Amino acid sequence: MKKKILFGAIVLLAGPLLAADSSPKDDVIGAAQKLAATASYSWNQTVVVPEDNRFKPGPTDGKTEKGVATYVKMSFGDNTTEIVMKGDKAAVTDPDGNWQSLTNLEGDDQGPGRFLVRMVHNFSAPAAQATNLVASVTELKKDGDAYSGDLTEAGAKAQFRFGTVTNPKGSAKFWIKDGLLTKFEYKVQGKVSINGNEFDADRDTTVEIKDVGATKVVVPDAAKKVL
């Protein structure tokens with residue numbers, strides 16, 4: 001009996017100590033994992049680039065629901081692209097708004113098809129994206145509900161999906177409420193070279209999470225046929 005009482009006392013006393021050992025990175029990873037474990041959620045992503053940048057991406061809206069699908073709608077200038085992903089399959093709208101399979105798009109050597117295919121293959125939902133991002137932070141510091149830090153050179157470089165990148169650097173910030181990831185942003189700078197043309201590729205990306213557990217994904221009939 002005395003041994004059981006002593007063991008119970010040790011566990012009670014050790015509890016706060018174990019909790020204190022949780023690092024800021026552990027907090028963010030745990031909050032992202034908690035988000036990933038939810039039945040569904042929606043998000044909005046905005047990207048800010050310098051005014052003189054020729055390529056200005058518009059907002060991206062996404063929804064994911066376990067057992068149903070992940071739906072993403074993104075805009076770039078006057079063009080809008082919709083993507084539906086379910087398991088290892090995906091359907092994407094072409095410039096004419098028609099739903100296409102990845103196989104069909106891969107055969108588009110000259111058009112935007114290959115770009116869209118690569119974009120789908122590189123896609124990560126916000127919960128996974130935040131987990132990968134925080135792993136690339138050198139030292140994460142907590143300030144209220146926010147956690148921030150600088151990215152490693154490799155971590156900053158990984159945020160540039162295309163071209164050859166030189167002098168990459170960046171930072172990341174995460175917000176948590178009630179143990180759940182609610183928002184994150186990352187800022188990167190660097191020069192990117194594509195087909196011999198070099199340009200500054202600075203950008204600030206913000207992702208806001210909403211409608212956790214209440215999001216419903218409705219897959220368009222035309223996309224279902226492709227899937």
Q | Pick from the stretch 150-181, criterion among the aliphatic types (A, V, I, L, M) and assigned to a helix (DSSP H, G or I), ranking: surrounded by the most Cβ atoms within 10 Å (Cβ to Cβ) | A | Ala156
Q: Give me the pairs, please: first residue somewhere in the stretch 119-140 and in contact (Cβ under 8 Å) with a residue 60 or more places away in the chain and surrounded by 13 or more Cβ atoms within 10 Å (Cβ to Cβ), second residue anywhere and among the acidic types (Asp, Glu) and not in a helix (DSSP H, G or I), beta-carbon distance under 7 Å, and either six or more positions apart or on two chains.
A: Val137/Asp150
Q) Which is under 30 Å from Leu180 (Cα atoms), aromatic (Phe, Trp, Tyr) and either modelled with pLDDT of 95 or more or part of a loop (DSSP other than H, G, I, E, B) (or both), of Phe55, Phe123? A) Phe123
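If we keep just the residues of the stretch 187-218 that are of a type in the set (Val, Ile, Thr) and farther than 14 Å from Phe160 by Cα, which is surrounded by the fewest Cβ atoms within 10 Å (Cβ to Cβ)?
Taking the candidates together, the pick is Val218.
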Q: Please specify each residue of the stretch 53-81 satisfying the condition of being farther than 17 Å from Ser40 by Cβ and either of a type in the set (Lys, Arg) or crowded, with 17+ Cβ neighbours inside 10 Å (or both).
A: Arg54, Lys56, Pro57, Thr60, Met74, Thr81
Q: Find the residue count for the stretch 183-201, including only residues that are assigned to a strand (DSSP E or B), over 18 Å from Val137 (Cβ atoms) and in contact with a strand residue (DSSP E or B) (Cβ under 7 Å, 6 or more places away or on another chain).
A: 6
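Yes or no, residue by residue, for (1) modelled with pLDDT of 90 or more; (2) more than 28 Å from Lys66 (Cβ to Cβ); (3) in contact with a strand residue (DSSP E or B) (Cβ under 7 Å, 6 or more places away or on another chain); (4) outside any loop (DSSP other than H, G, I, E, B):
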| position | (1), (2), (3), (4) |
| --- | --- |
| Glu82 | yes, no, yes, yes |
| Ala91 | yes, no, yes, yes |
| Asp96 | no, yes, no, no |
| Gln100 | yes, no, yes, yes |
| Leu105 | no, no, yes, yes |
| Ser148 | yes, yes, yes, yes |
Q) Hey, does the stretch 61-79 have a residue that's at pLDDT below 95, closer than 19 Å to Val207 by Cβ and not aromatic (Phe, Trp, Tyr)? A) yes
Q: Go through Gly62, Gly67 for me and flag whichever is outside any strand (DSSP E or B) and small (Gly, Ala, Ser).
A: Gly67
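The values are calculated or read from the model by the stated rules, or taken from the named source; none is laboratory data. Computed from a prediction, not measured in an experiment: that's the story for all the values here. Counting neighbours? That spans all protein chains shown, and the Cβs are built from the backbone with ideal geometry, glycine included.
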